Every structure is written in C-alpha cells, then in structure tokens.
Amino acid sequence: MISQQPTLITERPALRLLAGPPLDGTPERFHAHVERLGSLAGAARGRALIDALEGSWLLGRGGAGFPVGRKWRSIADRASGRAVVVANGAEGEVASHKDRILMAHRPHLVIDGAVLAAEAVGADEIVFYVGEDHVAAVTAMRRALMERTADIRTAVRVVTAPVRYVAGEASAAVHYINAGDARPTTTPPRISTRGVRGQPTLVQNVESLAYAALIARFGDRWYNTAGRAVSAGTALVTVSGAVEAGGVREIELGTTVGEVAAAAGGSRALTRAVVLGGYFGTWATVDDAWDLPLDPAVMDGRGLAFGCGIVGLLPTDRCGVAATAEIMSFMADESAGQCGPCKFGLRGIADATRQIAEGRAGRTDLDDIERWLSLVVGRGACRHPDGAAQLMSSALGIFGDEFTYHARTGRCSVMGARQHAG
C-alpha cells in the first residue's frame with residue numbers, strides 16, 4: 001500500500017521539493033509558497049535560466065533522464081515565440097506516486113517551473129497534463145492556477161490524461177492533447193518541431209519543472225554537476241514491496257538502496273531482489289543493489305537506470321518468475337497495440353512468461369522468449385517494447401535458475417507449488 005504521508009529522509013540542509021508545510025493532503029497556497037521561497041522576480045529567466053540548467057546538469061525525472069537544459073535549448077532555438085510547454089504529470093507507471101504527491105502538495109512549485117519554461121523556450125501556451133485518476137493532484141493544480149491569474153501571461157489549461165501506461169509518453173501526450181488519442185506517434189516530425197497545435201513542444205516531467213524553479217531562484221549548487229563522478233541534490237523516489245511503510249520519499253542523490261529500504265522499515269534479510277527505475281527499469285540482486293547509490297551517474301555506469309525513481313523490494317517468499325510475469329502481462333496489456341513488436345512480440349513474451357510461472361511451460365517457451373526479445377528492441381513506434389524487453393532481459397539474468405526450474409519441473413523453488421502466480 002502506498003503511503004499518502006511521504007517521509008523526508010534527507011538530513012542535509014539542502015533545498016528540497018517537499019520541504020515546507022506538512023504533507024497532510026492540503027495543497028500549499030500561493031501566498032505561503034511565495035513567503036517560503038520568494039517570488040520569481042529575482043529568479044534567473046530566459047536564456048540565463050537555460051544556461052543555469054545546463055550548468056546544473058539536471059536530468060529529467062520522467063524516466064529517460066535527458067539533460068533538462070539541453071532539452072529546453074533545443075526548443076528555444078527553433079520556437080520563434082510559438083512553442084507550447086506540456087507539464088507532464090500523467091504518471092501512468094503504477095509503481096510510481098511521486099508526481100501526484102508533488103502536484104497535490106506543492107502545485108505552485110510545478111506552476112513556477114512551467115511558467116519559467118514557457119518564458120525560456122518562447123511558448124505562448126502551457127498545458128498541465130495530469131492523470132485523470134490522480135484526483136487530489138488535478139484538484140490542487142486547478143485551484144492553484146486560479147490563484148495565479150494575475151502573474152501568468154501565457155494561455156494555460158489542464159488536460160486530464162487517460163489511465164494508460166503509454167499515455168505519459170511524450171508523443172502520446174501530444175497526440176492526446178491534439179486529437180484525444182493517447183497513442184505514441186512515429187517520427188518524423190519530432191514533437192520538438194511539430195507538437196501541440198503543430199508548434200514546437202517541450203514535454204517536461206513535473207518533478208523536473210519543480211527543480212528548475214528552485215534552480216532559477218537559488219542557483220545550481222544543490223543539483224547534478226557536470227563532470228562529477230557522483231551527483232548532488234535531491235530526488236523523489238517511490239518505495240514499495242517488502243517494507244513496512246512504503247511511499248514517496250525525498251532523498252539526497254547518493255543515498256543507497258539499503259538506506260532507503262531501512263528508512264521504510266525494510267531489511268536485506270527479507271528482500272529477495274530489487275526492481276529499480278520502474279517497469280522500464282531492471283531487476284537487480286540484493287547483493288548488487290543494497291549498497292548501490294541511487295544516483296543517475298553511478299547507476300548509468302553500472303548498466304542500471306534511475307528512471308522515474310522506483311525502488312521495489314521483492315520479498316524473500318515471493319517468486320521472481322511470478323513477479324516478472326505480472327509485470328510483463330501489464331506491459332503487454334498497456335501497450336498501444338499499434339505495431340507488431342507490442343501486438344505480437346510483447347504479447348508473446350508475456351504469455352510465455354506467464355505459462356512458465358504457472359507451471360504450464362511449453363517445450364520452447366524459454367527459447368522463444370530469448371528470440372522475441374532480440375526482435376522487439378528498437379522496432380516499435382515508441383520505446384514501450386524496449387523498456388519491457390530490458391526488464392525481461394534483466395529478469396532472465398537475475399532469476400535464470402528459477403526460470404529453468406519452472407520450465408523443467410512445472411514447480412517453483414520458492415513457493416513449492418505447481419500453480420502459484422494466479
């Protein structure tokens with residue numbers, strides 16, 4: 001169960017997204033926000049802010065981890081005052097709750113970031129794209145925008161995103177805003193050239209925008225610094241699984257998986273494996289993960305991804321094959337279903353994985369999974385099959401013996417039962 005009372009585990013007196021009034025379900029009002037952080041009057045603006053973002057090496061927190069400053073500059077260089085900013089809070093990743101918590105409690109920080117982004121890239125409209133099932137976040141953002149009518153000079157609107165995993169993918173968000181269809185689109189043209197209303201469009205995750213608003217006010221010293229082997233600053237993570245108090249936590253980058261788990265009431269002894277970065281991420285063994293710094297720079301160097309900040313701890317009494325089967329079935333169900341790699345490849349992988357988990361493996365299921373994985377990567381209309389394939393490949397590496405045991409015996413070495421995944 002995801003806690004709606006996020007806990008700050010960072011102790012260093014650094015600027016934080018969730019610092020301020022208690023996270024009691026009440027959004028911070030505009031006057032309190034300005035009193036706490038100051039207005040945007042003295043903040044870095046326009047190209048100066050883009051320079052600061054590039055200097056900070058702030059990475060996007062929506063999953064891809066692309067440098068925020070570089071992304072803004074690419075739009076600013078081609079916009080000519082006719083761009084659109086999409087503040088992406090769709091958060092269709094079922095294991096992540098950070099974006100909805102941020103919008104529900106600190107909506108004005110997100111709005112600040114979007115306003116600054118619009119100025120910097122030359123946009124005449126801001127679209128706040130919020131998951132329709134994130135009711136508290138939708139309500140908070142709409143009420144906060146009503147408080148800001150005097151200081152927002154661009155057109156603004158809230159669009160509720162459908163409850164679909166792919167709805168938060170950048171081109172799917174643009175397609176939904178334009179046509180009411182939340183399916184990714186193929187390129188060219190890229191949305192950075194022709195997006196909402198046919199204009200250059202910046203789609204930026206709401207956590208990234210909130211950090212940009214802090215950097216505009218206070219500089220880049222708290223955040224990722226180019227050229228460093230490790231990162232500075234904070235990040236929001238969602239902790240779930242074998243813990244007593246799962247939920248959203250703000251951590252200092254570099255905090256280890258074990259430290260996050262311990263703060264949430266988890267332990268190494270009760271953890272079988274860890275999924276990092278979300279369903280686009282990877283499985284890792286407890287030995288590899290426990291002392292791993294949650295830091296994009298460090299994780300990238302080890303072939304792992306920080307992604308959207310998910311730390312999922314698999315309990316020792318839970319089967320890794322069954323857990324992977326559930327994830328792969330979800331990913332197949334949530335695909336846009338518009339191209340072969342998802343309709344056939346991803347569905348085939350999911351079905352074969354489920355059959356193995358349930359003790360009904362066909363003679364060639366394991367070989368078929370390996371073959372299909374090699375065929376889906378890089379061939380979809382979006383990166384949905386790539387992310388699913390990455391997680392599946394990591395599962396075969398981490399739980400390889402379990403997959404073989406399931407396929408050979410029809411039983412589970414963990415659960416000791418023939419059909420345990422249903």
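Set side by side, the residues R371, R354 differ, and just one is basic (K, R) and either touching a helix residue (DSSP H, G or I) at 6+ places or on another chain (Cβ under 8 Å) or open to solvent by less than 10 Å² (accessible area, probe 1.4 Å) (or both), which is R354. Which of the residues spanning segment 38-56 are of a type in the set (A, V, I, L, M) and either part of a loop (DSSP other than H, G, I, E, B) or without any contact (Cβ under 8 Å) to a residue 40 or more places away in the chain (or both)? If the condition is that a residue be of a type in the set (A, V, I, L, M) and either part of a loop (DSSP other than H, G, I, E, B) or without any contact (Cβ under 8 Å) to a residue 40 or more places away in the chain (or both), then L40, A41, A43, A44, A48 are the ones that fit.
Yes or no, residue by residue, for (1) out of contact with any Gly (no Cβ under 8 Å at 6 or more places or on another chain); (2) of a type in the set (S, T, N, Q); (3) open to solvent by less than 10 Å² (accessible area, probe 1.4 Å):
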{"residue": "A41", "(1), (2), (3)": "yes, no, no"}
{"residue": "A48", "(1), (2), (3)": "yes, no, no"}
{"residue": "L58", "(1), (2), (3)": "no, no, yes"}
{"residue": "G63", "(1), (2), (3)": "no, no, no"}
{"residue": "R82", "(1), (2), (3)": "no, no, no"}
{"residue": "V94", "(1), (2), (3)": "yes, no, no"}
{"residue": "I101", "(1), (2), (3)": "yes, no, yes"}
{"residue": "E125", "(1), (2), (3)": "yes, no, no"}
{"residue": "E132", "(1), (2), (3)": "yes, no, no"}
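If you check V275, V257, V286, V248 for being modelled with pLDDT under 95 and within 30 Å of A350 (Cβ to Cβ), only one passes: V248. Consider G362 carefully, then state whether it is farther than 30 Å from E252 by Cβ, without any contact (Cβ under 8 Å) to a residue 60 or more places away in the chain and not in a helix (DSSP H, G or I). Yes: the conditions hold for G362.
For (1) of a type in the set (S, T, Y); (2) touching a His at 6+ places or on another chain (Cβ under 9 Å); (3) surrounded by 15 or more Cβ atoms within 10 Å (Cβ to Cβ); (4) closer than 15 Å to V121 by Cβ, each residue gets a yes or a no:
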| residue | (1), (2), (3), (4) |
| --- | --- |
| T160 | yes, yes, yes, no |
| Y165 | yes, yes, yes, no |
| S171 | yes, no, yes, no |
| A179 | no, no, no, no |
| A182 | no, yes, yes, no |
| T186 | yes, no, no, no |
| T193 | yes, no, yes, yes |
| P200 | no, no, yes, yes |
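Scan segment 268-283 and give yes if some residue there is open to solvent by less than 10 Å² (accessible area, probe 1.4 Å), within 27 Å of V166 (Cα to Cα), part of a strand (DSSP E or B) and without any contact (Cβ under 8 Å) to a residue 40 or more places away in the chain, otherwise no. Yes, the conditions are met somewhere in segment 268-283.
Each row is one residue, and each column tells you yes or no for (1) small (G, A, S); (2) modelled with pLDDT of 95 or more; (3) out of contact with any helix residue (DSSP H, G or I) (no Cβ under 8 Å at 6 or more places or on another chain); (4) on the phi > 0 side of the Ramachandran plot.
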position: R82; (1), (2), (3), (4): no, no, yes, no
position: A90; (1), (2), (3), (4): yes, yes, no, no
position: V94; (1), (2), (3), (4): no, no, no, no
position: K98; (1), (2), (3), (4): no, yes, no, no
position: L102; (1), (2), (3), (4): no, yes, no, no
position: P107; (1), (2), (3), (4): no, yes, no, no
position: I111; (1), (2), (3), (4): no, yes, no, no
position: L116; (1), (2), (3), (4): no, yes, no, no
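For segment 284-319, what are the residues that are of a type in the set (D, E) and either assigned to a loop (DSSP other than H, G, I, E, B) or farther than 19 Å from L59 by Cβ (or both)? The answer is D287, D288, D291, D295, D317. Screening V68 with (1) among the aliphatic types (A, V, I, L, M); (2) under 20 Å from P296 (Cα atoms); (3) open to solvent by 10 Å² or more (accessible area, probe 1.4 Å) gives one miss only, at (3).
One line per residue, one yes/no per condition, for (1) in contact (Cβ under 8 Å) with a residue 60 or more places away in the chain; (2) within 20 Å of the chain's Cα centre (by Cα); (3) open to solvent by 20 Å² or more (accessible area, probe 1.4 Å):
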position	(1), (2), (3)
D288	no, no, yes
V298	yes, yes, yes
G309	yes, yes, no
G312	yes, yes, no
A325	yes, no, no
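Of everything in segment 242-267, what is in a helix (DSSP H, G or I), open to solvent by 40 Å² or more (accessible area, probe 1.4 Å) and not aliphatic (A, V, I, L, M)? Give them in sequence order. Listed by number, the list holds a single entry, E259.
The values are calculated or read from the model by the stated rules, or taken from the named source; none is laboratory data. Note that the coordinates shown come from a computational prediction; the quantities given were computed from them, not determined experimentally. Cβ sites come from the backbone with ideal geometry, for glycine too, and all protein chains shown count toward neighbours. Calculation scope for accessible area: heavy atoms of the full protein, side chains included, ligands and nucleic acids excluded. Shrake-Rupley method; radii C 1.70, N 1.55, O 1.52, S 1.80 Å.
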